[in-house]
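Below is one structure, written out as structure tokens; the observations come after it.
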Amino acid sequence: MIDYYRQYPLNVDVIEKMNDEYHLLEEENKNLKKELEFINSIFKYPLRNNAIFNLIRLKKDGKDEWVNKIQVTEKELLEYDDCKDVQYLLKNCNPKCER
């Protein structure tokens, strides 16, 4: 039955809230699947021979990428989005040639 002051019955509000919650959970599930796929990419070809503790996650044009902090060059680091990790690698971890 429709209440006198409402256009729709009270149950419709509950269904709308459940739909909103469903859409939020669906979006979260999609994000988690994308994150899991990115984490599992460590074990695929170009990265699978690297030690995991040498890999660092950096953003390039807004997309996440794994970078081997031992093998990365200064030129490659400058292509990544500016963040504290990139600044740290540029300052400390990127060894200059001493020979």
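Coordinate-derived values only; no laboratory data. Computed from a predicted model, the values in this text were never measured in an experiment. All Cβ positions, even for glycine, are placed from backbone atoms using ideal geometry, and neighbour counts span all protein chains on display.
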For Lys34 and Leu55, extending 7 Å from Cα along the Cα-Cβ vector and measuring point to point gives, in nm, a value of 1.9 nm
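Could you compute how fast region 51-99 diffuses translationally, taking Rh as the Kirkwood radius over C-alpha pairs and applying Stokes-Einstein at 37 °C with viscosity 0.692 mPa s? Give it in µm² per second.
296 µm²/s
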Eigenvalues of the alpha-carbon gyration tensor of region 8-90, times 5 and square-rooted, give semi-axes in Å, largest first, of 41, 16, 8
